[in-house]
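What follows draws every value from the coordinates through simple rules; no lab data is involved. Please read all numbers here as calculations on a predicted model, not as lab measurements. Methodologically, a virtual Cβ is constructed for each residue, glycine included, from the backbone with ideal geometry; neighbour enumeration extends over all protein chains shown.
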């Protein structure tokens, strides 16, 4: 938990903003709009805003548990779309990417919705296989020597956490990923600055930490922890047959994700309380790997994205904000 004394979400009338790092840039999801800022090869900053799709809005976004599933789906969709768009802009593969004011075609339509949907489905399937099913199959090899489903579940959970940490640490060795992690840190620092009610300047942003309680990294590790409890309960109810245990790792994913979202949301709203610090601790720790100190150029991009999203939302009525960053 950051020790910075700025007001938390529960103390501020401002809506919450979240986002993610992309290729040479930052995406910020606001109240009714999201922005994308990308550093172009010529040194300029491309910045554009778009309304958030109505598919991810409405009354369901205010219902506990259901909102977690909806926001997770939106996060995946906006993330894939923003990554694809930023890759085109950063590489200047499109000759009509606008003059930096968000007008014109920037190549965002280069990949169809069907292709993005298929890519997202494949990524989710691989994630399920590697992070959920593989640990189960691994622990099955040693279960005859354990003799306890509870202990087996705990070992499976540890394997899952090891895979997660090893993955985020392993890819951090790649130069391009280290830059993405730096933009991830810049995004968090810009959000911190906005939530503190400070002007979005490089000097102000630099004063804030790179970890943030409402982060997708925190969400992932929370899912890993919540799944240990959920899978232990299901194994006790369904038994030890491999068929049922594999299904129990896949079918409850929306419920596990929804519960994890509510925990992250609660921790973010009570970040100054002792229980909020405890709930936030695992995610903040993992962000020591998934965020890096950005340079001034990267902070400028995060500021551009944050300012654009706030400006686009200036005339809107606050709605249920995005929480996962």
Problem - the range 117-152-the range 195-212 distance, computed between alpha-carbon centres (Å) - result: 39 Å
Completion exercise
Burial-style ranking of 240-252, 217-229, average other-beta-carbon count within 10 Å with highest first, yields 217-229, 240-252
Completion exercise
Each label sits 7 Å from Cα toward the beta-carbon; between residue 123 and residue 281 the label points are separated, in nm, by 3.2 nm
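Between residue 166 and residue 311, what is the FRET efficiency for a Förster distance of 45 Å, r being their Cβ-Cβ separation, to the nearest 0.05?
Details: r = 40 Å, r/R0 = 0.90.
Working from the Cβ atoms, E equals 0.65.
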Exercise for the section: At q = 0.09, 0.20, 0.21, 0.22 Å⁻¹, what is the base-10 log of I(q)/I(0) for the range 161-288 according to the Debye formula with one equal point scatterer per Cα and no solvent? Please give it to two decimals. Expected result: -0.34, -1.16, -1.21, -1.26
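Order the peptides 140-151, 302-313 from the highest to the lowest mean number of other Cβ atoms within 10 Å of their residues.
Numbers: 140-151: 10.8, 302-313: 23.3.
Going by the mean number of other Cβ atoms within 10 Å, highest first, we get 302-313, 140-151.
What is the gain in length, in nm to one decimal, between residue 134 and residue 175 on full extension, counting 0.36 nm per residue of separation less the C-alpha to C-alpha distance? Present the calculation step by step, with values, prior to reporting the outcome.
On the way: separation 41, 0.36 × 41 = 14.76 nm, distance 2.80 nm.
So the chain would gain 12.0 nm between residue 134 and residue 175.
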Practice task
Calculate, axis by axis, the spread of Cα positions in the range 248-290 along the three principal axes, and write the results as whole Å, longest axis first.
Solution key: 35, 23, 12
Fill in the blank from the handout: In terms of the alpha carbon gyration tensor, root eigenvalues a ≥ b ≥ c, rounded if a/c is under 1.5 and otherwise prolate when a/b exceeds b/c or oblate, the range 9-312 is prolate
Practice task
Just order 254-262, 197-205 by mean Cβ neighbour count inside 10 Å, highest at the front, would you?
Solution key: 254-262, 197-205
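Suppose a student asked you for the relative contact order of the range 9-312, using Cα pairs under 8 Å spaced at least 6 residues apart; what percent would you report? Present the calculation step by step, with values, prior to reporting the outcome.
Working: 439 pairs, mean separation 79.4, N = 304.
Taking the mean separation of contacting Cα pairs over the length of the range 9-312, I get 26 percent.
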